[in-house]
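The values are calculated or read from the model by the stated rules, or taken from the named source; none is laboratory data. Keep in mind the model is a prediction, meaning the values are calculated, not measured. Virtual Cβ from ideal backbone geometry, glycine too; neighbours counted across all protein chains shown.
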Amino acid sequence: MGRERDYNRRVTEIAALLDVVRRLDARGLTPGTSGNFSVALDAERIAITASGVDKGLLDASQIVTVDRGGRVVSGTGAPSAETALHLEIVRARAAGAVLHVHTVWNTLLSQRFAAEGALVLSNLEMLKGLRGVTTHEHREVVPILPNAQDMPGLALDLRRVLDAEPACHGVLIAGHGLTTWGADLAEAHRHVEVFEFLFEVVGRQLFGR
């Protein structure tokens, strides 16, 4: 019975993950084969999108289950190259889901504020869409990490900023994109929408587009 329950939980969570990814893709947040997305299955495993797949055509066969060490437990194909980042966020935030998207606005702002090491958002009503935020006066610090192909090193950098900014709801990688999370897929999806709205507002103010 326990094995059957685990199987059913995995099927349900993967179906929900596929739905979220398709909705994000429909909004143009996963151009090319960009983006990676995961959901926690239990205390030891996450299901994550495979590397190099078109998210608009994603199906269950392209979701890989890994343990907390990043080792493949089930599924075919290689898990996302950024699996280590997802695992760090799950560890630090007890996240139920982690979503990473590439957009024009988050890329532009990640480059514009890279030297400052963070983008600060405040006095915008949409901030109240982030978990636990109750006022537009909230000051949301979005750390910005330098981009790197060294994933273990980038994961260590991510660990440091997550520990340094325990109240943050997302991080940017310079010239790369946004990673955000939530207690579950619905909350993580909401955070993507909130951040992308806020980034566009700030970006249009800065760049006049």
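Summary of values
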quantity: Test result for residue 84, surrounded by 15 or more Cβ atoms within 10 Å (Cβ to Cβ) and either of a type in the set (Gly, Ala, Ser) or closer than 28 Å to residue 61 by Cβ (or both); calculated: yes
quantity: Some residue of segment 9-28 being at pLDDT 90 or above, assigned to a loop (DSSP other than H, G, I, E, B) and under 20 Å from residue 196 (Cβ atoms); calculated: yes
quantity: Filtered residue count, segment 134-185, keeping only those that are in contact (Cβ under 8 Å) with a residue 24 or more places away in the chain, touching a helix residue (DSSP H, G or I) at 6+ places or on another chain (Cβ under 7 Å) and of a type in the set (Gly, Ala, Ser); calculated: 6
quantity: Test: residue in segment 172-187 that is of a type outside the set (Lys, Arg), out of contact with any strand residue (DSSP E or B) (no Cβ under 9 Å at 6 or more places or on another chain) and under 30 Å from residue 15 (Cβ atoms); calculated: no
quantity: Residue list for segment 24-50, restricted to those being in contact (Cβ under 8 Å) with a residue 40 or more places away in the chain and closer than 13 Å to residue 97 by Cβ; calculated: 24, 36, 37, 38, 39, 40, 46
quantity: Filtered residue count, segment 98-114, keeping only those that are crowded, with 21+ Cβ neighbours inside 10 Å and in contact with a Pro (Cβ under 7 Å, 6 or more places away or on another chain); calculated: 0
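Per-residue answers, yes or no, for (1) closer than 23 Å to residue 183 by Cα; (2) under 18 Å from the mean Cα position of the chain (by Cα); (3) not aliphatic (A, V, I, L, M):
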{"position": "10", "(1), (2), (3)": "yes, no, yes"}
{"position": "22", "(1), (2), (3)": "yes, yes, yes"}
{"position": "39", "(1), (2), (3)": "yes, yes, no"}
{"position": "46", "(1), (2), (3)": "yes, yes, no"}
{"position": "49", "(1), (2), (3)": "yes, yes, yes"}
{"position": "56", "(1), (2), (3)": "no, yes, yes"}
{"position": "65", "(1), (2), (3)": "yes, yes, yes"}
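Residue-wise test of (1) hydrophobic (A, V, I, L, M, F, W, C); (2) surrounded by 13 or more Cβ atoms within 10 Å (Cβ to Cβ).
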{"site": "21", "(1), (2)": "yes, yes"}
{"site": "51", "(1), (2)": "no, yes"}
{"site": "56", "(1), (2)": "no, yes"}
{"site": "66", "(1), (2)": "yes, yes"}
{"site": "76", "(1), (2)": "no, no"}
{"site": "96", "(1), (2)": "no, yes"}
